């Protein structure tokens, strides 16, 4: 597949817990699940990058887009950036051959149908871009592949799904969901009304339902055009979205917990090669660059000192053999917090407390075991500091003790 097209869709504020392929049983997501069933699902893809003022931001995915545009563009791919978030992609837009900007105007009322939502508008533009790029390529340069990176605001925008869609997600005896379109980021009081959280999550779930319908339609377009036979499609979350699991709603200074750090990541190869494979290893946005370059047989850009220390690498050996050496930790930073994830643990350090969770069993981080596993806590705290120093020097971080990788 050395000259395959590459098509990446990055969705901001996408909570992995609201996807059937990632274990959700409350909200049907047949379009996303169908896509995932035909691809390789990364079960533990996580965010690492930061915005100093507002916690984890879009730096990780935007950096990957930039590196891929340069690497593939220099190797002959026609590169296109499509986005409805001009601020997020402004630093990288000039590195693409073409930039399609989708206007974003916050909705003042819920849409009457899915076709009236912002998500539908960007997916419709994406479908048009696919059709146009493919047609132009076939007419003028039939042997030239294309690379399209789409950065969508996703759920980091007004939640404009039809109100009836919100209502349909709840049971008949549940309170009506809120009609708000914007839910400001905030800390919740300890005695928050459960019905308030139920309505908030129904509103969010309705947006995911819109995303699911849009992705299903795009998937149909790929199949009908035959592009699914020669296109590598990547579906990835930019970052998650807290919905009150640990006392916070929204992205502003969100705590470094699973609902923010974990993102969906699915790679669908041409002709559904490697379909149904699930990778349990820790993956990051940065791994997309060597992975897609490897898949397309083009030179991978040199790694930065920070990437070398973070052991950024291609996922292709794992995809092709389902085993092999891989990183045993990811360090996260956001605002004034730090965290580290290993195959067996996640430790979160904030100015006021340190928390430790058993992974992957305690997926949503309910049971803090920091005081019961003090040795593990102290070792992971020490490693966060040593990893920072290693990154500054561009050196590999020191090895982890077996208990930090394998668990107790």
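The values are calculated or read from the model by the stated rules, or taken from the named source; none is laboratory data. All values derive from a computational prediction rather than experimental measurement. Neighbour counts run over all protein chains shown; Cβ positions are idealised from the backbone, glycine included.
A few notes on this one:
- Single condition residue 338 does not satisfy, out of (1) assigned by TED's automatic domain parsing to the domain that holds residue 394; (2) touching a residue at least 60 places away in the same chain (Cβ under 8 Å); (3) in a loop (DSSP other than H, G, I, E, B): (3)
- Residue within the stretch 161-176 that is in contact with a helix residue (DSSP H, G or I) (Cβ under 6 Å, 6 or more places away or on another chain), part of a helix (DSSP H, G or I) and either surrounded by fewer than 19 Cβ atoms within 10 Å (Cβ to Cβ) or outside the structural domain of residue 116 (by TED's automatic domain parsing) (or both) present: no
- Identification of helices (runs of 4 or more DSSP H) wholly contained in the stretch 217-314 with 1 or more residues that are surrounded by 20 or more Cβ atoms within 10 Å (Cβ to Cβ), at pLDDT 95 or above and touching a helix residue (DSSP H, G or I) at 6+ places or on another chain (Cβ under 8 Å) yields 258-261, 288-296.
- Subset of the stretch 2-46 that is part of a loop (DSSP other than H, G, I, E, B) and touching a strand residue (DSSP E or B) at 6+ places or on another chain (Cβ under 7 Å) - its residue that is modelled with the lowest pLDDT: 4
- For the stretch 189-207, the count of residues that are touching a strand residue (DSSP E or B) at 6+ places or on another chain (Cβ under 8 Å), surrounded by fewer than 18 Cβ atoms within 10 Å (Cβ to Cβ) and at pLDDT 95 or above is at least one.
- Residue match in the stretch 93-106 (condition: out of contact with any helix residue (DSSP H, G or I) (no Cβ under 7 Å at 6 or more places or on another chain), assigned to a loop (DSSP other than H, G, I, E, B) and under 16 Å from residue 159 (Cβ atoms)): yes
- Set 378, 395, 389, 365: member being at positive phi and either in a strand (DSSP E or B) or not assigned by TED's automatic domain parsing to the domain that holds residue 48 (or both): 365
- Against the numbered list (1) more than 30 Å from residue 177 (Cα to Cα); (2) touching a helix residue (DSSP H, G or I) at 6+ places or on another chain (Cβ under 9 Å), residue 76 comes up short only at (2).
- Any chance residue 119 is modelled with pLDDT under 95, surrounded by 13 or more Cβ atoms within 10 Å (Cβ to Cβ), part of a helix (DSSP H, G or I) and touching a helix residue (DSSP H, G or I) at 6+ places or on another chain (Cβ under 9 Å): no
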